[in-house]
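Undergrad: One structure coming up, written as structure tokens, with questions to follow.
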Amino acid sequence: MPREGQRPVYDEYLISHRMRAAQMLPELGFAIPKLGQKYPSSSWNPQVFALRVAETFPDRLGATEDALFGAMFRELRDISDPSILREIARTVGVPESEVDAAISSSRLRERAAAEHEEGEEAGITGVPAFVLPDLPPITGAVPTDMYRQALQHALDAQD
């Protein structure tokens, strides 16, 4: 189950991974945080907000996910902060009240926890995660060739 505040600030480990992702995928516009900069206290709030949007405004889910990604990785905003989530909601055309409804929903928290557990049981330890049959998950910022090779392996196994 995800824990609150595993990292209070960006450390060398996180920054090195962010730099690697920025080098591999410059088109995504990753911002590089400064050592010691505040790190989001938890991913619970954005997770339950995204689940709520998927249920109540499914046509806005893609825009919501893009806005969450941009806020976290391009703007270095604390997406665990409900006020930031309300801004995102407003930007993507979702009523701000959906943020509070999501955060206060024990059902959505239970669902997020169950999905997190399912991922851990499948060997997923980071994001992004790419899962194919008969292969261990590919997680984190890895070279594009790893994805190509895994996909080719899965396609070859179907023949």
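Undergrad: List, in order, the whole-Hz ³J(HN,Hα) value for each residue of region 64-76 obtained from phi through the Karplus relation with A = 6.51, B = -1.76, C = 1.60 and θ = phi - 60°; use x for Gly and Pro.
TA: Going residue by residue, I get 5, 4, 4, 5, 5, 4, x, 4, 6, 9, 9, 9, 6 Hz, with x marking Gly and Pro.
Undergrad: Also: Among MET24, VAL142, TYR10, whose Cα lies farthest out toward the positive end of the dipole of the chain, if unit charges sit on the beta carbon of Lys, Arg (+1) and Asp, Glu (-1)?
TA: Going by the charge dipole, the pick is TYR10.
Undergrad: On to the next question. What's the center-to-center distance, using Cα atoms, between region 78-95 and region 23-58 in Å?
TA: One Cα centre to the other: 12 Å.
Undergrad: What list of ³J(HN,Hα) values in whole Hz, one per residue of region 123-130 in order, does the Karplus curve 6.51 cos²θ - 1.76 cosθ + 1.60 (θ = phi - 60°) give from phi, with Gly and Pro shown as x?
TA: Per residue, the Karplus-derived 3J(HN,Hα) values read x, 7, 10, x, 10, x, 10, 10 Hz.
Undergrad: Here is a further query. Whole-Hz ³J(HN,Hα) for each residue in region 78-84, computed from phi via Karplus 6.51 cos²θ - 1.76 cosθ + 1.60 with θ = phi - 60°, x for glycine and proline: what do you get?
TA: 7, 6, 7, 6, x, 5, 5
Undergrad: Also: Report the full-extension gain for the segment HIS17 to ARG107: residue separation times 0.36 nm, less the Cα-Cα distance, to one decimal in nm. Numbers along the way, then the final one.
TA: Details: separation 90, 0.36 × 90 = 32.40 nm, distance 3.29 nm.
Residue separation times 0.36 nm, minus the Cα-Cα distance, leaves 29.1 nm.
Undergrad: Next question. In degrees, nearest 10, range 0 to 90: what is the angle between the Cα axis of helix 12-24 and the longest Cα principal axis of the chain?
TA: 70 degrees
Undergrad: A further question on this structure: Under a point-charge model restricted to the Cβ atoms of Lys and Arg (+1) and Asp and Glu (-1), what is the dipole moment magnitude of region 39-117 relative to its Cα centre, in debye to the nearest 20?
TA: It works out to roughly 60 debye.
Undergrad: Please arrange THR139, THR125 by counting, for each residue, the other beta carbons lying within 10 Å of its beta carbon, fewest first.
TA: Lowest count first: THR125, THR139.
Undergrad: Find how much the distance from VAL127 to ALA31 grows on full extension, using 0.36 nm per residue of separation minus their present alpha carbon separation; answer in nm with one decimal.
TA: 32.9 nm
Undergrad: To continue, here is another question. Using just the Cα positions, wrap region 1-133 in a convex hull and report its mean projected area in square nanometres, one decimal place. All intermediate terms of the calculation are to be shown ahead of the outcome.
TA: Working: hull surface 34.6 nm².
With every direction weighted equally, the projected area is 8.7 nm².
None of the figures in this text is laboratory data; all of them are computed from the coordinates on show. The structure displayed is predicted, hence computed values, not measured ones. Note that each Cβ is placed from the backbone with ideal geometry, even for glycine, and that neighbours are counted across all protein chains shown.
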